[in-house]
Structures are given as structure tokens and as C-alpha cells.
1. Under a plain spin-label model, where a point goes 7 Å from the Cα along Cα-to-Cβ, how far apart in nm are Gln82 and Cys166?
2. Take the residue pairs Lys75/Lys146; Lys75/Lys135; Lys86/Lys135; Lys135/Lys217; Lys78/Lys169; Lys78/Lys139 and return only those whose Cα atoms are more than 29 Å apart.
3. Could the peptides 163-171, 150-158 be put in order, highest first, of the mean number of other beta-carbon atoms found within 10 Å of their residues?
4. When we measure straight from the Cα of Lys180, which aspartates and glutamates land under 14 angstrom away, once same-chain ones fewer than 8 places off are left out?
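Please treat every number below as a calculation from the coordinates, not as lab data. These figures come from a predicted structure and were not determined experimentally. Cβ atoms come from the backbone with ideal geometry, glycine included; neighbour counts cover every protein chain shown.
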Amino acid sequence: MKAKKKANHIKRLLTWIALPSLILNLYFGYQLTKPNNNLYKMLAVLDGDTLVLENKARLRLRNIDAPELENCGGKEAKEYLQDLLKRNQGINISERIIDQRGRPMAYVYSDQTFLNLEMLKSGWARYHHDNSAKKDVLKQAADEAKTKNIGLYKKCVHQEPANPRCVIKGNIDNNSPYTKRYYYPGCAQYQFVIVEEDQGEDWFCTEKQAQKAGYNKAKSCP
């Protein structure tokens, strides 16, 4: 009983600690949607598609999706965005929206540089569909980067393993992120499976390794 009371006390304490931060994020998120707030000072680059502004609010670059820092290409994407902002910490934002998770998103400019576009042109971010005024231009830039095989498409997207002894492909279903399957030579779809390490997918040397990482054998495998 004492352990249970202690656990409940800790939960309440953590809730009270987190509550002020949540309120501030909601407030600053609201500020980002107000029509006249266009010029901001940028404090930090969180990753390849997220900035921290002077009011401590996080702002995502609209129409793009960069790798998480722990995934392939995550570090490079962050560094590329930092380089774009190196000479100017002031940014302009336009076409601001709030996504389904309550996160502010916008088109972001540094001087005359359109950051969303430059990230897609570099290949260090993928295009994320959104009905916006510049979606066609942004998608074209992403398609060209993929065709040129640059950025994450060169470093992180492969059909053949870098290590010939590790040929098991880990694949995450885009329509169901929690569905993780692995394929080995002999599986019906093996040759068509592409491993996108920037999306958290990976290569494995043994089935045991794949299973430990949360992958299940694909139904097409014997």
C-alpha cells in the first residue's frame, strides 16, 4: 500500500511539473497563429524540420519531414538547416497552421531563403503532403532530389545491404507505423522491399535480432 501511495504521489508531482510547460506551449502555439506575428528570433534548431523560437515555442517547417535525430540522416538534416540559418537568426513565417497533433507549422524564410524548399532540394528531408499554396513547387523539389539520389536517398535508402552477412530487411508499414515486418532471401516480396533507414527501418544479420527490435516475420516468408 505504501508503494502504491508513493507511486500515485510521484504521478501527481510529475503532472504538476509538466502542466506549466503544456500551458506555455499552448499559449505560444496560439501566438504563432495570430495574423500579425510574422518576424521572429530563432533560438535553436531542434532537428531538420523544427525550430525553437524566442518565446520557447517550437515551429515545424510545413510540407517537409526530416529524419529523427537518432535515425539515419537525422544529424545531417539538422546540420544542413543550421547552416542555412548561420548568418541570420531572424526568420519570417507565413501560411501558419496547427497540425492534428496541435503543433504549429509554417513556411519559414531567412532573408530571401525559403527554408522549406532548400531542405527538400538538399535531399535531407522528405516531402509531406499538405494542401498549401506552394505544395507543387515543394513536391517537385523533393522528386528531383530523389531522382538525383542525394541526401538521405543516397545515405539511408537501399535495396542491397552494406554488409553482405546482414541481409534481413526490416520494414515498417507506412499505413500502420506499429506494424513492423522482416523479410529474408526466399520471402516472396524480398527483392522489392526497400529499407529506409531514415524512417527507422534497418538491416539485420539474424531473425533473432529482427525480433528483438520488434519486427515479426512477414506472412510471405516460408
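1. Going from the Gln82 label point to the Cys166 one covers 2.6 nm.
2. Numbers: Lys75/Lys146 19 Å; Lys75/Lys135 25 Å; Lys86/Lys135 26 Å; Lys135/Lys217 37 Å; Lys78/Lys169 27 Å; Lys78/Lys139 20 Å.
Those over the limit are Lys135/Lys217.
3. Result, highest mean Cβ count within 10 Å first: 150-158, 163-171.
4. Glu196, Glu197, Glu201, Asp202, Glu207
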